[in-house]
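Let me begin by presenting the structure, written as structure tokens, before commenting on it.
The values are calculated or read from the model by the stated rules, or taken from the named source; none is laboratory data. Just so it is clear, the structure is predicted and the values come from calculations on it, not from any experiment. Cβ: placed from backbone, ideal geometry, glycine included. Neighbour counts: every protein chain shown.
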Amino acid sequence: MTMSFKAATPDLPKHFTGKWNKKSYHVLRELGRGANGTVYLVSQGGVQRAVKVGVEGIDILMEVNVLKSTQQGRDSKVGPLLCDVDDLVVNGKACTFYAMEYLQGLQLDEYIKQEGTDWVAVMMVQLLARLDVLHQHGYIFGDLKPQNVMVTQTDKQVRLIDFGGVTKLGNAVRQFTEEYDRAFWHAGDRRAEVSYDLFSTAVMMVRLTVGTETWKNSLGDPRHTILLCDIIRKSDSLYPYREPLLKAFHGKFATAKEMRAELLAVLRDSMGAKPQKKQKKARTKGNVGAGISGLFVASLLLLAGTLYYAWFM
Amino acid sequence: MKEATLRQILVVTDGCSNSGMSPVAAAALAREQGITVNVIGVIDKSELGEKGEKEIRDIAEAGGGLCDIVFPQQLAQTVQMLTRKAMTRTIHQVVNKELKEILGDSGIEELAPDKRVQVAGMVDELGEKSSLNVVMLVDTSGSMKPKLSAVQQAIHDFSISLHSRSGQSRMAVGSFPGKQKHLDIRIPWTEKVEQAHQITSDLAMSGITPTGPAIVEAIALFEQDKLPRSLQERYIDQDEEDDSNGMLRDHVF
């Protein structure tokens, strides 16, 4: 993204073998560039893997350090699994790299563009589950943005990629992107707290739902969360989620799990609302009474809810 | 290892220096004194040109630091990232040197990757906990004018980043060219810049860009700790005096 001319990642040879672990890699193509290095698609012993090579070995090693620390759990599906850490020699100079599981899929923003905004809330709920695991390991993700979230092709699972921003709780966030950064929105500092990630998640949800045009037109200077609230108020898809979103903006959730539960509750309501109408038409006479009384209760609840939200906003 | 104080100068500019000593030599001088020099080139529509790019790269190299060229919108995050990476690099070099003393000739490169990952974790923690002093040098020559609001935001933003660290951090901001000297101190050493200062008013607009002399004067800022109290006046925020506000406005953008 930046027009960087920091010593570019050295061109990889087509084949290379790790200096220590002696695994051989065949380079297929470049997958992308992060702040710390370049990721390539490679094949190693017939298996596709992603390999990240950086200019500064220490940055790569720090990523490995957090990848390792967050992978102690057995069923960790937070990010890609780490496969190998080694050096390769390019032009006589040793370069540190690591190999990881190759996650085939689409970046979250591309995925939403392709599949529609109905998926946003579902993906956020999934993402929050991943974040919760990371948080329980004592880390926050830091640089949350759609480009760092991958939806796998086969099982439509959300996975985090690019661990360059992952930060130990309590430290200063290592890497961020202004658009999703709490401090940039004047909503807090950059200390690594659970609420920092949740803030970014909420901004991401808004960003993905409204599309690029609305997003760009709605942003003013200085940035303040009031602008986000305005967008939410105007968007039919976001409005039902205003309460959890606002709470995230103001750091009111203690855990990702809490935020997830609230998003999920709204999501269930909104999913339930559509098919219910169809069901009612199909109902037999005997059920009509129950249907009507149910409707009455529902409308009462809705009214109470509206009043509450009117007060809340 | 002792908790170190890391010292950095961060130059924000949009073109070539054209006055006084070579900024590359000035950066080398800074490095000699244990100060790392990082450079960010801010470009708008116009490019920096080959000469400008080369100078930026050369200053950073001579100053043992890092450089980047970005659009104004990316300035804030670049400031934070360059600073952190340069810090990591410095600590890494120190750790490596100590390792070499322990292990003989072979430094960290000769350790197996697994061990190095552990060292990286240690470097990371040291970076977070060590003290950090940064002087930000802002080029305020004429062509920078449209970019100054971004710079102003970046200054405030940087202070938030510093404040979020566990270790002690201080920053100072200077602009060049200054009115009388090469460098004007806009924000004296502080732990937190409370708000974005007005950068656009009160500018010494000129075609002169004395990047080299400004770096040399910035080096002096790091020596103020050793100065007797009476000599610190120039750098101290005199908020006890009533009439200091007017004076401060002169100093602040």
*From the list B:SER166, B:SER159, B:SER175, pick out the single residue that is buried (at least 22 other Cβ atoms within 10 Å of the Cβ) and either away from every other protein chain (no Cβ under 14 Å) or farther than 21 Å from B:GLY65 by Cβ (or both).*
B:SER175
*Subset of the range B:24-75 (residues that are among the hydrophobic types (A, V, I, L, M, F, W, C) and either assigned to a loop (DSSP other than H, G, I, E, B) or touching a Pro at 6+ places or on another chain (Cβ under 8 Å) (or both))*: B:ALA26, B:VAL42, B:ILE43, B:LEU48, B:ILE59, B:PHE71
*Among (1) under 26 Å from A:ASP181 (Cα atoms); (2) surrounded by fewer than 19 Cβ atoms within 10 Å (Cβ to Cβ); (3) within 14 Å of chain B (Cβ to nearest Cβ); (4) without any contact (Cβ under 8 Å) to a residue 60 or more places away in the chain, the one test that A:LYS145 misses*: (2)
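Yes or no, residue by residue, for (1) of a type in the set (Gly, Ala, Ser); (2) under 25 Å from A:GLU110 (Cα atoms); (3) away from chain B (no Cβ under 14 Å):
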position: A:GLY211; (1), (2), (3): yes, yes, yes
position: A:PRO222; (1), (2), (3): no, no, no
position: A:ILE226; (1), (2), (3): no, no, yes
position: A:CYS229; (1), (2), (3): no, yes, yes
position: A:ILE232; (1), (2), (3): no, yes, yes
position: A:SER235; (1), (2), (3): yes, yes, yes
position: A:TYR241; (1), (2), (3): no, yes, yes
position: A:LEU246; (1), (2), (3): no, no, yes
*Looking at B:GLY49, B:GLY41, B:GLY63, which is the one that is at positive phi and more than 8 Å from every other protein chain (Cβ to nearest Cβ)?*
B:GLY49
*Can you tell me which of A:GLY92, A:GLY116 is small (Gly, Ala, Ser) and either under 23 Å from A:LEU31 (Cβ atoms) or not assigned by TED's automatic domain parsing to the domain that holds A:ILE58 (or both)?*
A:GLY116
*Just give me the residues in the range B:80-110 being out of contact with any Gly (no Cβ under 7 Å at 6 or more places or on another chain), over 30 Å from B:ARG186 (Cα atoms) and more than 10 Å from chain A (Cβ to nearest Cβ), in sequence order.*
B:VAL94, B:LYS97, B:GLU98, B:GLU101, B:ILE102, B:LEU103, B:GLY104, B:ASP105, B:SER106, B:GLY107
_If B:PRO72 meets every condition in (1) at pLDDT 95 or above; (2) in contact with a helix residue (DSSP H, G or I) (Cβ under 7 Å, 6 or more places away or on another chain); (3) not aromatic (Phe, Trp, Tyr) apart from one, which number is that one?_
(1)
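When the range B:115-133 is examined, which residues are found to be among the charged types (D, E, K, R) and either within 7 Å of chain A (Cβ to nearest Cβ) or closer than 30 Å to B:GLU191 by Cβ (or both)?
B:ARG116, B:ASP124, B:GLU125, B:GLU128, B:LYS129
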_I'd like to verify a number: residues in the range A:50-104 that are away from chain B (no Cβ under 12 Å), of a type outside the set (Val, Ile, Thr) and either within 19 Å of the chain's Cα centre (by Cα) or closer than 26 Å to A:LEU131 by Cα (or both), how many?_
18
*Mind checking which residues of the range A:23-61 are closer than 19 Å to A:VAL166 by Cβ and in contact with a Lys or Arg (Cβ under 8 Å, 6 or more places away or on another chain)?*
A:GLY34, A:ASN36, A:GLY37, A:THR38, A:VAL39, A:GLU56, A:GLY57, A:ILE58, A:ASP59, A:ILE60, A:LEU61
_Out of A:TYR139, A:TYR180, sole residue that is of a type in the set (Phe, Trp, Tyr), within 14 Å of chain B (Cβ to nearest Cβ), buried (at least 19 other Cβ atoms within 10 Å of the Cβ) and free of Cβ contacts under 8 Å to residues at least 40 places away in the same chain_ = A:TYR180
